[in-house]
1. Among W87, A43, A65, whose Cα lies farthest out toward the positive end of the dipole of the range 13-100, if unit charges sit on the beta carbon of Lys, Arg (+1) and Asp, Glu (-1)?
2. Taking amide H positions as placed in the peptide plane 1.01 Å from N, state which residues far from A13 in sequence (5 or more) or on other chains have amide H under 5 Å from it.
3. Quote to one decimal, in nm, the extra length available between E46 and A90 on full extension: 0.36 nm per residue of separation minus the C-alpha distance between them.
4. Pull up all non-local amide H partners of W109: gap of 5 or more, or a different chain, and H-to-H distance under 5 Å with H placed in the peptide plane.
5. Once phi is turned into ³J(HN,Hα) by the Karplus curve 6.51 cos²θ - 1.76 cosθ + 1.60 with θ = phi - 60°, what whole-Hz value does each residue of the range 181-187 show in order, with x for glycine and proline?
6. First measure r as the distance between the Cβ atoms of R58 and R35, then evaluate 1/(1 + (r/R0)^6) with R0 = 22 Å and state the FRET efficiency to the nearest 0.05.
Amino acid sequence: MSAFDHTPAHTPAAGILLLCRAAPDRVRPSAQLLRRPLLMAPAGEEWSALVPAEESWRDNGTNLAAVTADWAHALTVDGNWPVVGLWWDADGAGFVVAAGFRRTVGHTWLADGTPLGGQEAMTALRARLGLDPVLDAAAFDRLIQQDGGADGADASARVLGLVAVLARAGLHLGPGLVPGLSAGRLCEAAGALPGAEPVDWPGWRAAERGALGVWTRGPRARALGTAEVALGAALLVWSRGSERRGWRAAGVALVADGALTLLYDRWRAGRA
């Protein structure tokens, strides 16, 4: 069964959509290092959309808000672009905004649209994306009004309203790429868009071929090795003194693999 097959009809719609304010070529190396099955598609000028397959996050007790925050942060530590992560499930929906080593912040709406939290996440979103401090701020204020579901603005409608504001900054989601769908339907829509591509960690593909992993020569190997070292070092700094042992282990592995990739490339160049 493919990682991007449909979610069964009886499963409540749930999903994650990562919106990166950078072109796919810039996002791809960081996305590969998440080591999760993803689909990537252009989403407007200098925007990319990443759609994780359901199996990459579905687990008993999975907190989609926390998973989205972790992935959004990981995507930005090796780049200078912000990432807006959207998530939704049967209990509600929300977003996170990450940008480098600045604190990742988020906002949640209950299923009926009742907001949990205040202005902080909206303010960070506006500032990090360079949105209009007057017009866009007013639109964000309406999204966090404490009116619950009285006006029909449930959690899904709030997230769609957020996407509409981001469109003013150039975001353009292709046909069918709509927050609120099941992960399977979202992946299907993403895969049908022009320029869409699956994103995998190159090391797995090379290992399956029985080759030397990512230890190949040339610009691609150097770029990947440099990206692994940078991202691994960033993860080590970010996870220092915290309980995120898994991220520390990932940081060590990335630094080691990236360093070996660079050393192998230099060794092969010396023997050429």
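Read the figures in this text as sums done on the coordinates, not as results from a lab. Being a predicted model, the structure only gives us computed values, none of them experimental. Methodologically, a virtual Cβ is constructed for each residue, glycine included, from the backbone with ideal geometry; neighbour enumeration extends over all protein chains shown.
1. Highest projection toward the positive end goes to A43.
2. Hits under the 5 Å cutoff: none.
3. Numbers: separation 44, 0.36 × 44 = 15.84 nm, distance 3.17 nm.
Here the segment from E46 to A90 would lengthen by 12.7 nm.
4. So W109 has HN proximity to A93, G94, L116.
5. Couplings: 6, 5, 4, x, 5, 5, 5 Hz.
6. On the way: r = 16 Å, r/R0 = 0.74.
According to the calculation, E is roughly 0.85.
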